[in-house]
Amino acid sequence: MTARYQQRAAPTRSAVGRAAPARAVSADVPGVLLFPPLLYAIAFVVGLLAQWARPATILPPSVALPTGLLLLVLGGLLASWGRRTMLRAGTNVNPASPAKALVVTGPFAFSRNPLYVARTLLYLGLAFVMNTPWAILALLPLLGVMHYGVIRREERYLDEKFGAAYRQYRARVRRWM
């Protein structure tokens, strides 16, 4: 892997030049509130329950279905690209595992969170395919939970782990798109 592609986390040094004790593996994670796919699933189930209790539609089915399918395809392609890029960089995709590299290429050159953008597109695609506005309404609080309970925690973790390299990346690449 090239330096342009990633930066490996280096051990920290104490004031006298000795290597600082390694972090415990369990501490070397962002500490996200809940596994992101589970958050999206919970919000979608809430939307489906609301749809069951009070049926409504977003658009005529002839418009909602193709819109949903397009969003599903775009979300799937972006998710696949982002996952392949992270695996190629030799880092973990799961936020419950330590980051091994700062990935700044592929979709990460355009968004700091392409996998969450992809998940949101997949969520919206399902909402349109099922033609339920309640799932879209449930997405709004979900995005707040994602911002404060997942993304901000990941950003603090990456800043601590990768330092200046992450701050430079954050300064040039937007959080979403």
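Give segment 68-94 a look and list any residue that's small (G, A, S) and either within 16 Å of V117 (Cα to Cα) or surrounded by fewer than 20 Cβ atoms within 10 Å (Cβ to Cβ) (or both), or say none. Passing the criteria: G68, G75, G76, A79, S80, G82, G90. Selection of segment 49-67 for residues being within 17 Å of L121 (Cα to Cα) and not small (G, A, S) yields I58, V63, L65, P66, T67.
Table: residues versus (1) part of a helix (DSSP H, G or I); (2) polar (S, T, N, Q); (3) modelled with pLDDT of 95 or more.
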position: N131; (1), (2), (3): no, yes, yes
position: L142; (1), (2), (3): yes, no, yes
position: V150; (1), (2), (3): yes, no, no
position: K161; (1), (2), (3): yes, no, no
position: A171; (1), (2), (3): yes, no, yes
position: R175; (1), (2), (3): no, no, no
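Within segment 110-148, being farther than 19 Å from L33 by Cα, over 14 Å from the mean Cα position of the chain (by Cα) and surrounded by fewer than 22 Cβ atoms within 10 Å (Cβ to Cβ) holds for L124, G125, L126, V129, M130, N131, P133, I136, L137.
Pairs, please: C-beta under 7 Å, at least 6 apart or cross-chain, first residue of a type in the set (F, W, Y) and in segment 104-127, second assigned to a loop (DSSP other than H, G, I, E, B) and buried (at least 21 other Cβ atoms within 10 Å of the Cβ)? Hits for this filter: zero, empty list.
Only one of the numbered conditions (1) of a type in the set (G, A, S); (2) surrounded by 19 or more Cβ atoms within 10 Å (Cβ to Cβ); (3) farther than 25 Å from I58 by Cα is violated by A171, and that is (2).
The values are calculated or read from the model by the stated rules, or taken from the named source; none is laboratory data. This is a predicted model, so every value here is computed, not measured. Glycine also receives a Cβ, built like all others from the backbone with ideal geometry; neighbour counts cover every protein chain displayed.
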